[in-house]
Amino acid sequence: MCGQMLLWCRSFRFGFRVSNECLRGARLELAGRQDRHSSSIEVSIKKTALFDFHRDQGGKMVEFAGWSMPVQYKDSHINSHIHTRQHCSIFDVSHMLQSKVHGRDRVKFIESMVVGDIAELKDNQGTLTLFTNDKGGINDDLIVTKTDQGYLYVVSNAGCAGKDSTNMKAKLAEFKAAGHNVDLEFLEECLIAVQGKFSYSNVRPICPDTATVLQPGLKDDLRKLTFMASTLTTVFGIQGCRVTRCGYTGEDGVEISVPKSGVVALTERLMANSEVKLAGLGARDSLRLEAGLCLYGNDIDETTSPVEATLVWTIGKRRRQAMDFPGAEVIVPQIKAKTTRKRVGLVSTGPPVRQHTPILSPEGKVIGEVTSGCPSPYLKQNVAMGYVDLQYAKNGTPIQVEVRKKTAKAVVTKMPFVPTNYYSGQ
């Protein structure tokens, strides 16, 4: 999701020789201004409650969005990526901004800032939505869950936490001044993502010993918790955990919001299963790219409209008709009239493509730019996404990319690159 965090690793056919190069590149991007302002960053950098645990487990820590986070562990980034696709991994995502919206007018409050139809959600159902601005751009992407406890549970990006919290507080003051009944609470809980085929018991007959990770610690039947559903429950004796069936890898999984006091114990309990390993930001980024998921700051930003980003599906039908969200006057007409550019998937030959790589027509004309790209550890080929002129956006269109002043063949490709395994209850 948020921030600049792409790890550029060569594909399997080039071996693992350049893994150190990948980590050096990651540190440069993730650390940001660390070299120039090392002393101030050391003072201000935040640590999750799992920080010491990460270091004890061999985590390579880097600065990301103001937090010290693990980019990888003793296993290579590629091994962690493949392990998640084939088994199960735990990601610390406690740097994400978690909040609750309380009060009678909570739905009206959040809908004044996002494009989604939150009112139509069932209890304990969530949805991906977008904070938009008056110019039709995307301020952030977030998940809003309508709980049956009388509040909305909101998770947004770490790199946008300052901006998001400021905007939410400003809107809260506006609503209160108008006499609305609403309040806002920012949470201190940790957040871990358990992702992969071994995440659940008795859900799908993937493997004879699938029933060993999460289900033994729950009274709730995970077969009833479908994609984007959420429940407040006790997990392995730790009370006050919110378990939401979602993630950022394309695999089946959950995100668990857990009190700080219990997060180490919960992580250790989950890792008691030999199929479960820790994974870092590097694997999380390549997994989300294979799944065709946007990274805020790369693939979407304040100048990108939901229509250009092929995120029209996030805009509720009622909201389109009412045109009552920020930027609706710009965004809604684009749905019918279309835009001059569109986000697409790419598969290319030759060297891996990176952010800002020019995309060219077969004749060599610049028609767009790559926003995310890396060699797919799972597919063993170069994958990327970016924006191209609309006439080149059809799947199967042959194009070119320019890497190190040389052109390489590419083709516009449907996303996700790797089929998703979200659990629908079937």
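Details
- Filter result for Cys207 (open to solvent by less than 50 Å² (accessible area, probe 1.4 Å) and modelled with pLDDT of 90 or more): no
- Filtered residue count, segment 145-156, keeping only those that are in contact with a His (Cβ under 9 Å, 6 or more places away or on another chain) and either in contact (Cβ under 8 Å) with a residue 60 or more places away in the chain or crowded, with 17+ Cβ neighbours inside 10 Å (or both): 2
- Within segment 74-86, the set of residues being surrounded by 21 or more Cβ atoms within 10 Å (Cβ to Cβ) and either among the hydrophobic types (A, V, I, L, M, F, W, C) or closer than 28 Å to Lys260 by Cβ (or both) comprises His77, Ile78, Ser80, Thr84.
- Listed conditions (1) under 12 Å from Val388 (Cα atoms); (2) open to solvent by 40 Å² or more (accessible area, probe 1.4 Å) are all met by Val344, apart from (2).
- Selection status of Gln125, under 30 Å from Pro326 (Cβ atoms) and either within 20 Å of the chain's Cα centre (by Cα) or open to solvent by 30 Å² or more (accessible area, probe 1.4 Å) (or both): yes
- All strands (runs of 3 or more DSSP E) inside segment 349-426 with 1 or more residues being open to solvent by 50 Å² or more (accessible area, probe 1.4 Å) and without any contact (Cβ under 8 Å) to a residue 12 or more places away in the chain: 366-375
- Selection status of Ile138, open to solvent by 10 Å² or more (accessible area, probe 1.4 Å), within 30 Å of Val330 (Cα to Cα) and of a type outside the set (Lys, Arg): no
- Residue within segment 316-332 that is over 22 Å from Ile399 (Cβ atoms), small (Gly, Ala, Ser), assigned to a helix (DSSP H, G or I) and open to solvent by less than 20 Å² (accessible area, probe 1.4 Å) present: yes
The values are calculated or read from the model by the stated rules, or taken from the named source; none is laboratory data. It should be emphasised that the depicted structure is a prediction, and the values quoted were computed from it without experimental measurement. All Cβ positions, glycine included, derive from the backbone under ideal geometry; neighbour counts span all protein chains shown. Keep in mind that these areas ignore ligands, DNA and RNA; they rest on the heavy atoms of the full protein, side chains included. Shrake-Rupley method; radii C 1.70, N 1.55, O 1.52, S 1.80 Å.
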